[in-house]
1. Can you give me the ranges of the strands (runs of 3 or more DSSP E) entirely in region 349-391 with at least 1 residues that are of a type in the set (Lys, Arg) and not assigned by TED's automatic domain parsing to the domain that holds residue 23?
2. Quick one: would you say residue 261 is closer than 23 Å to residue 174 by Cα, of a type in the set (S, T, N, Q) and modelled with pLDDT of 95 or more?
3. If the requirement is being in contact with a strand residue (DSSP E or B) (Cβ under 6 Å, 6 or more places away or on another chain) and either among the basic types (Lys, Arg) or within 28 Å of residue 132 (Cβ to Cβ) (or both), which of these qualifies: 190, 228, 260?
4. Only residues in region 336-359 that are over 14 Å from residue 2 (Cα atoms) count as the first member; pair them with residues that are charged (D, E, K, R), Cβ under 8 angstrom, at least 6 apart or cross-chain, and list the lot.
5. Give the residue that is farthest from residue 194 (Cα to Cα), with candidates limited to residues of region 239-266 that are among the charged types (D, E, K, R) and without any contact (Cβ under 8 Å) to a residue 12 or more places away in the chain.
6. Just to check your reading of the model, which residue among 147, 97, 118, 84 is at positive phi and either of a type outside the set (Gly, Ala, Ser) or surrounded by fewer than 21 Cβ atoms within 10 Å (Cβ to Cβ) (or both)?
7. Tally up the residues in region 143-191 that are of a type in the set (S, T, N, Q) and within 23 Å of residue 317 (Cα to Cα), please.
8. Which ones in region 1-11 are in contact with a helix residue (DSSP H, G or I) (Cβ under 8 Å, 6 or more places away or on another chain), exposed (fewer than 14 other Cβ atoms within 10 Å of the Cβ) and of a type outside the set (Phe, Trp, Tyr)?
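The values are calculated or read from the model by the stated rules, or taken from the named source; none is laboratory data. Nothing here was measured: the structure is a model prediction, and the numbers come from that model. Glycine also receives a Cβ, built like all others from the backbone with ideal geometry; neighbour counts cover every protein chain displayed.
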Amino acid sequence: MKQSKLFTKTVKELPRDEVSFNAKILIKAGFINKTAAGAHTFLPLGLRAHNKICGIIREEMDAIGGQEILMPALTPKSVWETTGRWKNFDALFKLAGADGKEYALGATHEEVITPLAGNYIFSHKDLPAYIYQIQTKFRNEPRAKSGLLRGREFSMKDLYSFHKDRKDLDEYYEKVEEAYFKIFKRCGLGNITYLTYASGGAFSKYSHEFQTLSAAGEDVIYICDKCGVAINEEILADQKNKCPQCGGGKLRKEKAIEIGNIFKLGTRFSRPFKLRYMDEKEKARDVIMGCYGIGPSRIMGTIVEVHHDDKGIIWPEEVAPFKIHLLSLRQDEEAEEIYKNLEKSGAEVLYDDRDISAGEKFADADLIGIPCRAVVSQKSLAAGGIELKRRDSRKSEILSAEELLKKLKS
């Protein structure tokens, strides 16, 4: 894409009421626009990065047997009344329709997926089943002030699993845990994200969160360096300051951002909706459920909080909106030819062909944070080609156009 044709531009003035770093830098770099507190428009660069994250999630969910669907965001009051959450789920956005009935915007989808599963699960032969979606969620958040980390409207991947017994649930739960760590590693968050014990779901003593270390985090966790897991501060007293996994080791206090969670729901939702199956002996039994959430938009905000310097964002390779940022410094014909060849080779390239100063181009490139920057200038051409520099490095090298293409492919 030519940067002169990009719908958005980097901006100088930021919203005065914006306090979070991720929101400030993403707005400044032209990735998102703030529509209202807790609600943002994803602009072309931002949507590309967001979609890369979603793509990674889809690949890893499909790899453990997940099948993708898309459920409605508009949900009837009746399903929430079935589980008793119409009155006690404080974050629900509620509204009245022209038909005189009441609805809620989907804050989560257990109340939709469970009766849906009842249309297709009848026998033990229909189990297990693993169904997920990536969809916009709505929560009436009273403190929407942290950019993409705490929104009233946000994206969520929610996976629901259906099992005939607890053993089967436990086995799949471990598979999801492994898949989550693969996702976070591919998003550049793997080495600073901890499986964190939290207060229990409906079917077990503990649920689990995935917490990424960051000074911007609103959560406090205690890490056991002996076994590599953590405990959420809310359950620390119950544990008597001991690691729930190994029972020993010193606990290190850190601030963190929750980017995922997994729960063993058991029969919490299958019983109210009478989701049952016939076992091998033709006896009716409750379906056992698990649920597993990841917030792609929250991951995007977390990446920015973690991967940046004083000049701007430093995108990890797999989630960057483009792989290479090509800058032309008054050498349009040569740069245009290189751009065309890069595009022909399938490279994801943003080509800064704008008629502005070199300093402005360099500043915007650092701000946007694409992993590789290739500069075509009189100086680089005199030295033998194109100056290539990684965003996270001070070193650069001169490559011919052929060498650049070969390096990008490898």
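1. Working: elements: 349-352, 372-376, 386-390.
Result: 372-376, 386-390.
2. Considered against the rule, which asks whether it is closer than 23 Å to residue 174 by Cα, of a type in the set (S, T, N, Q) and modelled with pLDDT of 95 or more, residue 261 comes out as yes.
3. Values: 190 fails: in contact with a strand residue (DSSP E or B) (Cβ under 6 Å, 6 or more places away or on another chain); 228 fails: in contact with a strand residue (DSSP E or B) (Cβ under 6 Å, 6 or more places away or on another chain).
Exactly one residue qualifies, and that residue is 260.
4. Matching pairs, first to second residue: 345/409.
5. 240
6. 84
7. Looking only at that region, the number is 2.
8. Residue satisfying the conditions is 11 alone.
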